[in-house]
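The values are calculated or read from the model by the stated rules, or taken from the named source; none is laboratory data. Since the structure is predicted, the reported quantities are computational estimates derived from the model, not experimental observations. Neighbour counts run over all protein chains shown; Cβ positions are idealised from the backbone, glycine included. Surface accessibility is based on the protein's heavy atoms, side chains included, excluding ligands, DNA and RNA. Shrake-Rupley method; radii C 1.70, N 1.55, O 1.52, S 1.80 Å.
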Amino acid sequence: MADQVKTLQATNIAKIGDKLVAIPDGAGTLFDSTLVVWVDEFCHGYAHQHHEVPYVMLSGSNRFFQMGRYIHYTNSVSTNRLLNSLIQVMEATGAGQFGDPQFDNTPLPELA
């Protein structure tokens, strides 16, 4: 059952990407100027375990982050760090300040 849910979720994310690609935007498509972030907080299905949480980021360009790569952290990384990286790349104020500092809220340098 969990595999079917994951397949449905991935299919729906792909459909969102396809719809964004189909919309012209300047010299490219809306997908080029959009960052889709897909997070599955319960990556181990119905066990509801919070380790090894995958974060998938999709964009039609490298405008936000370098696309087409897989980054695996061998040590735990706080979600605060990813969220602060998103704040930073969107050029919003507050990067490095969002979230509880005890869980480290510095942006991830690997994403820059």
### Summary
Between (1) 8.1; (2) 5.9; (3) 6.8, the structure-derived mean projected area of the Cα convex hull in nm² is (1)
### Query
So what is the relative contact order of the chain, in percent, for Cα pairs below 8 Å that sit 6 or more residues apart?
17
#### Entry: Contour minus Cα-Cα distance for residue 33 and residue 91 (0.36 nm per residue)
19.5 nm
### Query
Based on Cβ point charges of +1 for Lys and Arg and -1 for Asp and Glu, what charge dipole magnitude is obtained for the chain about its Cα centre, in debye rounded to the nearest 20?
200
### Query
Put +1 on the Cβ of each Lys and Arg and -1 on the Cβ of each Asp and Glu in the chain; which of 26, 108, 58 then has its Cα farthest toward the positive end of the dipole?
26
### Summary
Quick calc of log₁₀ I(q)/I(0), region 54-112, Debye, one scatterer on every Cα, no solvent, q values 0.13, 0.27, 0.28 1/Å, result -0.33, -1.22, -1.27
### Task
Please work out the average accessible area per residue across the chain, using the 1.4 Å probe convention, and give it in Å².
69
### Message
Taking 0.36 nm per residue of sequence separation and subtracting the Cα-Cα distance, how much length would be gained by fully extending the chain between residue 16 and residue 79, in nm to one decimal?
### Response
20.3 nm
### Within the accessible area of the chain (1.4 Å probe), percent carbon and sulfur
56
